[in-house]
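First the structure, in the form of structure tokens, and then the observations on it.
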Amino acid sequence: MPLPPRRDSFRFTPLLLACSLLVSCAAHPRRSGYSGGSLRLDSETAGRMRHAASVTGARGVATSSAVKAAASQLARLAPALLALFQHDEDELSRVETFLLECVQRAEREINFERFGNRSPNSADCHRVVGVDRCGRPVSQAMELGNLKHARALACMHDILRELWPASVSIEQRYRYYSHANVIETISRAEEQRLLDGDCIGELRGTIKPDVVLHADYDLLRAILVLELKFPCPEDREPRWTKYGDKSAYTGFDQSQIYKEALGGEALLLSPRGIFE
């Protein structure tokens, strides 16, 4: 889902930053796209956003150690981003802080809705809760991951629309011909046709990163790819998915193919932070 870059400055006021996250994180769209949902605001989020807004407005006064630590992660793992942000590490740190809050909030909310005041354990995660359209078993870990993805991406959608200085693509599917190093976008209609025939391998040779951040208007090149991971149980390390024997990319993992196909860096974003 490409988002056009903003034409004005991406240095927004503290109030706009806070309001943007408050509204976007409240939407609950489907995993396959974005639909309107009820807007909810709890005291915890309001407090977090007031704090984030105060940090944002403290230019030249003070910057929280947490924000500085967050900035060091993106600056260290994807240093090309600093040039895009005119070497303003504080601006980059704010973007990361808000994106992490989207992911962490999705984790907390979905877990609370399903389990109350506890996190899922190993038995919860491995429990089979249904089958997909091809008759393959669906574990509760997979179901929770889909729900958390949808909620986090809805939040990130609006944050990036306001704060990212170039184009953004969310859940865009591509067809990548690795032998020829050619990549092309797939329309939503064509993607649905492929999904309908997925049981016979119609999705073979395609990739679908969660978030592709571009440096300009070229939607086939990335400066950074973010893949959301919600490990279950939550104490597991987030890891890149490896392609299976029936894939066109056997022997590789998502990170390798994303970087090869789209360029730039590829990082994992999870409730525990950012990982290579």
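The values are calculated or read from the model by the stated rules, or taken from the named source; none is laboratory data. Source: prediction; values computed, not measured. So basically every Cβ, Gly included, is an ideal-geometry build from the backbone, and we count neighbours across all protein chains shown.
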Tell me, please, whether a residue that is basic (Lys, Arg), in a helix (DSSP H, G or I) and buried (at least 21 other Cβ atoms within 10 Å of the Cβ) can be found in the stretch 106-113. no
Val129 vs. criteria in contact with a strand residue (DSSP E or B) (Cβ under 8 Å, 6 or more places away or on another chain) and over 27 Å from Leu262 (Cβ atoms): yes
If you go through the stretch 109-135 one residue at a time, how many are over 15 Å from Leu228 (Cβ atoms), of a type in the set (D, E, K, R) and at pLDDT 95 or above? 5
Conditions: (1) in a loop (DSSP other than H, G, I, E, B); (2) at pLDDT 50 or above; (3) over 21 Å from Leu213 (Cβ atoms); (4) out of contact with any helix residue (DSSP H, G or I) (no Cβ under 6 Å at 6 or more places or on another chain). Val138 meets all but one. Number of the miss? (1)
Looking at (1) more than 16 Å from the chain's Cα centre (by Cα); (2) farther than 17 Å from Ile183 by Cα, which is the one condition that is false for Lys229? (1)
Single residue of the stretch 188-224 satisfying the filter (under 19 Å from Gln256 (Cα atoms) and β-branched (Val, Ile, Thr)) that is surrounded by the fewest Cβ atoms within 10 Å (Cβ to Cβ): Thr206
Here the residues within the stretch 164-196 that are more than 20 Å from Leu153 (Cα to Cα) and of a type outside the set (A, V, I, L, M) are Arg175, Tyr176, Tyr177, Ser178, His179, Asn181, Glu184, Glu190, Arg193, Asp196
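So that you can scan it fast, the table gives a plain yes or no per residue for (1) closer than 24 Å to Leu100 by Cα; (2) without any contact (Cβ under 8 Å) to a residue 40 or more places away in the chain:
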{"site": "Glu184", "(1), (2)": "no, yes"}
{"site": "Leu195", "(1), (2)": "no, yes"}
{"site": "Lys208", "(1), (2)": "yes, yes"}
{"site": "Val212", "(1), (2)": "yes, no"}
{"site": "Ala222", "(1), (2)": "yes, no"}
{"site": "Cys232", "(1), (2)": "yes, no"}
{"site": "Gln254", "(1), (2)": "yes, no"}
{"site": "Ala266", "(1), (2)": "yes, no"}
{"site": "Leu269", "(1), (2)": "yes, no"}
The stretch 124-169, subset aliphatic (A, V, I, L, M) and without any contact (Cβ under 8 Å) to a residue 12 or more places away in the chain, residue nearest to Phe85 (Cα to Cα): Met142
What pairs can you find where one residue is in the stretch 238-249 and touching a residue at least 24 places away in the same chain (Cβ under 8 Å), the other is of a type in the set (Val, Ile, Thr) and not in a loop (DSSP other than H, G, I, E, B), and their Cβ atoms are less than 9 Å apart, with a gap of 6+ or different chains? Ala248/Thr206; Tyr249/Ile207; Tyr249/Ile257
Pro79: passes all of (1) crowded, with 20+ Cβ neighbours inside 10 Å; (2) over 16 Å from the mean Cα position of the chain (by Cα) but (1)
Per the filter on the stretch 236-276, residues among the basic types (Lys, Arg) and at pLDDT below 95 are Lys246
I'd like to verify a number: residues in the stretch 70-90 that are more than 18 Å from Asp216 (Cβ to Cβ), assigned to a helix (DSSP H, G or I) and at pLDDT 90 or above, how many? 6
